[in-house]
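Quick notes on the structure that follows.
The values are calculated or read from the model by the stated rules, or taken from the named source; none is laboratory data. Just so you know, these numbers come straight off a predicted model, no measurement behind them. All Cβ positions, even for glycine, are placed from backbone atoms using ideal geometry, and neighbour counts span all protein chains on display.
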Amino acid sequence: MPLLALGINHKTAPVGIREQVSFIPADLPEALRELRANGQVAEAAILSTCNRTELYCGLEQLNAARVVQWLSDYHSLPTTELQPYLYQHPDYQAVRHMLRVAAGLDSMVLGEPQILGQIKSAYQVASDAGTLGTQLERLFQHTFSVAKQVRTDTTIGQSPVSVAFAAVSLSRQIFADLDSRTALLVGAGETIELVARHLRDHGIGRIIVANRTLERARLLATRFQGYAITLDEIPNHIAEADIVISSTGSPHIILSYELIKRAVRQRRHRPVFMVDIAVPRDIDPTITKLDDVYLYTVDDLQDIIQDNVRSRQAAALQAEEIVTVQTEQFMAWLRAQASSANIRSLRMQAESVRDATLERARRQLQQGRDAEEVLNYLAQTLTNKLLHAPSTGLREAAAQGNEDTIATIRRIYRLEP
């Protein structure tokens, strides 16, 4: 059964197109069933994220046009409008593509780990919808195993390459036990939201979100079981914070030298890790004069990120080698499956000949014919019928001068020279 990976991503399509072909999570089960009812789609799974929409299909026949048409119709888009942004990967390339995606090798941020969780969700939805078959089931399980191998055997996911992740990774170098620490996050934009997510994933004990508007702070704090305050309330809480990460659009300093000095004194000189991601700055740079304060700016983080991007690129070469080996391993399994189907077909044909011949031999015995004569009939008839196909093939190949077919038949039947 041919495999097909078809879709668009951040490399091939602008966000306006990606939005139009994305799938609402609640609609995915029905969409999968519709796709499989398309006629030639025997197995199906859909991966839909902000950066990509991909259809993974096991087809009755390799006909990508039918799948493209279904995707266009489902989203009410003319095929001509969608086609320029699509990529299509059959068989080997489909397997390789899925493995690369799961390993983070095809992501906007090289090596990012979130995509694996999204693939696992796509698998679960397809499994629950009943649209997976033997091939896609095996491919997904193989993909999860390979992604784990890439994470274990390479360093592709160990070096932070986003400002938010770099900030949290630095905090872990200073505080090994984040579960007992409090983080004060100043601002409520996208970067701070990513910081909050990374802190939560690494087990931060407590999060305080400070923002100009309390409502916006509450919206973010609620998502991460945090506590919301306004910017004016920061002096009352700054001493509680072991980690301070700030990213606002303020044109003025928000955390002054005197404010931090008082906080350090109240903390009895327990260390404070601070990151100023804002441009212009939120944190007075002169606080570096204070003992027990570790201040990093966005420029400091960029240096770390660039070093880590280079590190990930080197690790990606190792990951690509793993993907190549594991793609071929899966293809070997597929070929073995095809061979098993042929073997079953061959055995069924032989058993059918056997059963029919045996039934005629039994009738002859019941009619009183000599047993020795019946046995000879049985042996001769079975031999003739089982050898009819290869004998015919040899004669036809010889008549056509087809030495390759002759050699194949000789090899299969292990004929002596």
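Residues that are of a type outside the set (S, T, N, Q) and modelled with pLDDT under 85 within the stretch 333-346 comprise Ala336, Ala338, Ala341, Ile343, Arg344, Leu346, listed in sequence order. Considering only residues in the stretch 201-213 that are modelled with pLDDT under 95 and over 18 Å from Ile174 (Cβ atoms), the one that is surrounded by the fewest Cβ atoms within 10 Å (Cβ to Cβ) turns out to be Thr213.
Yes or no: the stretch 140-154 includes at least one residue that is of a type in the set (D, E, K, R) and exposed (fewer than 14 other Cβ atoms within 10 Å of the Cβ). Yes, the stretch 140-154 contains a residue that is of a type in the set (D, E, K, R) and exposed (fewer than 14 other Cβ atoms within 10 Å of the Cβ). Within the stretch 9-30, restricting attention to residues that are within 22 Å of Ser121 (Cα to Cα) and of a type in the set (S, T, N, Q), the residue that is surrounded by the most Cβ atoms within 10 Å (Cβ to Cβ) is Asn9. When only residues in the stretch 265-304 that are within 35 Å of the chain's Cα centre (by Cα), crowded, with 17+ Cβ neighbours inside 10 Å and aliphatic (A, V, I, L, M) count, which is farthest from Ala239 (Cα to Cα)? Only one residue tops the list, namely Ile304. Looking only at the stretch 170-182, residues that are in contact (Cβ under 8 Å) with a residue 24 or more places away in the chain and in a helix (DSSP H, G or I) come to 7 in all. Out of Leu47, Leu55, Leu132, Leu62, one residue alone is surrounded by fewer than 20 Cβ atoms within 10 Å (Cβ to Cβ) and either outside the structural domain of Glu34 (by TED's automatic domain parsing) or not charged (D, E, K, R) (or both). It is Leu62. Scan Glu60, Glu30, Glu34 and give me the residue that is of a type outside the set (Gly, Ala, Ser) and closer than 23 Å to Tyr92 by Cβ. Answer to the check: Glu60.
Is it true that Arg206 is touching a Lys or Arg at 6+ places or on another chain (Cβ under 8 Å) and of a type in the set (Lys, Arg)? The answer is yes for Arg206. Within the stretch 266-281, being outside any loop (DSSP other than H, G, I, E, B) and aliphatic (A, V, I, L, M) holds for Val272, Met274, Val275.
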